[in-house]
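Undergrad: To start, I am sharing the structure in question, which I have written as structure tokens.
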Amino acid sequence: MTTNSDVRIPDAVREPMAEPPPARVPGSVGDRVFAGIAKGAALVIVAILAGVALFLLLKSLPAFNGQPNQVAGSKSFVAYVAPLLFGTVLSSLIALVIAVPLSIGVALYISHYAPRRLATGLGHVIDLLAAVPSVVFGLWGVTWLAQQLKPVYVWLAANAGFIPLFKGPASGTGRTMLTVGIVLAVMILPIMTAICREVFRQTPRLQEEAALALGATRWEMIRMTVFPYSRSCIVSAAMLGLGRALGETMAVAIVLSIGGGITVNLIGSSNPSTIPASIALNFSESSGTGINTLIASGLVLFVLTFAVNAGARAVLARRKDFSGANG
């Protein structure tokens, strides 16, 4: 008696095994073309950046080597650019301090707390705010916000004048460094919120459910899963907002009451200008070495933004191993 296992099937009767599909040959023409295009685009960006830096450097040499009487205000270039650099950094830091917690809070509400319909509507409003021109924010700041903040500044000078930031006397127009910082914060808030919102939504759902299943509250779940996963992107959003605040021109030129040197008084009428606003307000009336001086201040701003971005990249590189977004 034979069993099925004893029956030998002739080789001619056996069905031929299906051959696997041919593997894609690495280094095909399409891959090489795409790699070449990508590499070329990267080289073009680097070349443009190097060209801008070289142009700024060459045009700035007369201001660096010129006599003090050839620089605006008849002083050395360092003495000229120091108040501008201070005003640029101060206004941007004020904006960042205000915008970062607000953007994170709004993004969390949209992604984890608000009902779906409300979250969709808020998301659209945030995206639309990011498209508003800066001159509109400047007009809003000088015509409405500054007027509303005047009594606040008087109160701060009377009750918190022992703090150098609110030493006073309070400005009678409200066009102060603090007003500019608030306007810049409103300007960078939409783009930072949009980035944080999308990153918060990408947090792995299984991690959130696991934290809730272990008894964590919603805030504890956000603190243990959402924030660690999104830390690097939050820093990137903050640096992107800071870059826009550093380079903002029209809103600052419209709102700020310019006059005075370096001061930490945020509510006074004497405020240092910023580098972009100074270039925009003075370039059309400058000539000769004056133009070189303005270009040299632009070089300082270029170096500042480059240093800020490099510092942000260094922070992200140090935190890469602890960020879920980086794998």
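The values are calculated or read from the model by the stated rules, or taken from the named source; none is laboratory data. Note that this is a predicted model, so its numbers are computed, not measured. Cβ atoms come from the backbone with ideal geometry, glycine included; neighbour counts cover every protein chain shown.
Undergrad: When you go through Ala63, Ala107 one by one, which is the residue that is assigned to a helix (DSSP H, G or I) and closer than 30 Å to Arg231 by Cβ?
TA: One residue alone meets the criteria, Ala107.
Undergrad: Okay, moving on. Return yes or no: is Thr193 at pLDDT 90 or above, of a type in the set (S, T, N, Q) and either under 17 Å from Ser270 (Cα atoms) or surrounded by fewer than 24 Cβ atoms within 10 Å (Cβ to Cβ) (or both)?
TA: Values: at pLDDT 90 or above: yes; of a type in the set (S, T, N, Q): yes; either under 17 Å from Ser270 (Cα atoms) or surrounded by fewer than 24 Cβ atoms within 10 Å (Cβ to Cβ) (or both): no.
Against the criterion (at pLDDT 90 or above, of a type in the set (S, T, N, Q) and either under 17 Å from Ser270 (Cα atoms) or surrounded by fewer than 24 Cβ atoms within 10 Å (Cβ to Cβ) (or both)), Thr193 does not qualify.
Undergrad: Ok, one more. For the range 114-145, give me each residue that is of a type outside the set (Phe, Trp, Tyr), more than 21 Å from Arg244 (Cβ to Cβ) and either modelled with pLDDT of 90 or more or in contact with a Pro (Cβ under 9 Å, 6 or more places away or on another chain) (or both).
TA: Correct list: Thr143 only.
Undergrad: Do we find that Phe162 is within 23 Å of Ala312 (Cα to Cα), of a type in the set (Phe, Trp, Tyr) and either surrounded by fewer than 16 Cβ atoms within 10 Å (Cβ to Cβ) or modelled with pLDDT under 90 (or both) in this structure?
TA: So Phe162 fails the test.
Undergrad: Anything in the range 121-132 that is surrounded by 11 or more Cβ atoms within 10 Å (Cβ to Cβ) and either in a loop (DSSP other than H, G, I, E, B) or touching a Leu at 6+ places or on another chain (Cβ under 9 Å) (or both)? List them, or say none.
TA: Residues satisfying the conditions are Ile126, Leu129, Ala130, Val132.
Undergrad: Please identify the pairs in which a residue from the range 95-118 that is more than 23 Å from Leu266 (Cα to Cα) has its Cβ atom under 8 Å from the Cβ atom of a residue that is polar (S, T, N, Q) and at pLDDT below 90, counting only partners at least 6 apart or on another chain.
TA: none
Undergrad: Kindly evaluate Gly260 against the criterion of being in contact with a strand residue (DSSP E or B) (Cβ under 7 Å, 6 or more places away or on another chain), surrounded by fewer than 23 Cβ atoms within 10 Å (Cβ to Cβ) and small (Gly, Ala, Ser). Don't jump to the end; show me each part of the working.
TA: Working: in contact with a strand residue (DSSP E or B) (Cβ under 7 Å, 6 or more places away or on another chain): yes; surrounded by fewer than 23 Cβ atoms within 10 Å (Cβ to Cβ): yes; small (Gly, Ala, Ser): yes.
Yes: the conditions hold for Gly260.
Undergrad: Is there any pair linking a residue in the range 37-61 that is of a type in the set (D, E, K, R) to one that is at pLDDT 90 or above, with Cβ under 9 Å and at least six apart or on different chains, and which?
TA: Between residues of the range 37-61 that are of a type in the set (D, E, K, R) and residues that are at pLDDT 90 or above, the close pairs are Lys59/Ile295; Lys59/Ala296; Lys59/Gly298; Lys59/Leu299.
Undergrad: Does Val199 satisfy the condition of being of a type outside the set (Phe, Trp, Tyr), touching a Cys at 6+ places or on another chain (Cβ under 6 Å) and either part of a helix (DSSP H, G or I) or buried (at least 18 other Cβ atoms within 10 Å of the Cβ) (or both)?
TA: Spelling it out, Val199 is indeed of a type outside the set (Phe, Trp, Tyr), touching a Cys at 6+ places or on another chain (Cβ under 6 Å) and either part of a helix (DSSP H, G or I) or buried (at least 18 other Cβ atoms within 10 Å of the Cβ) (or both).
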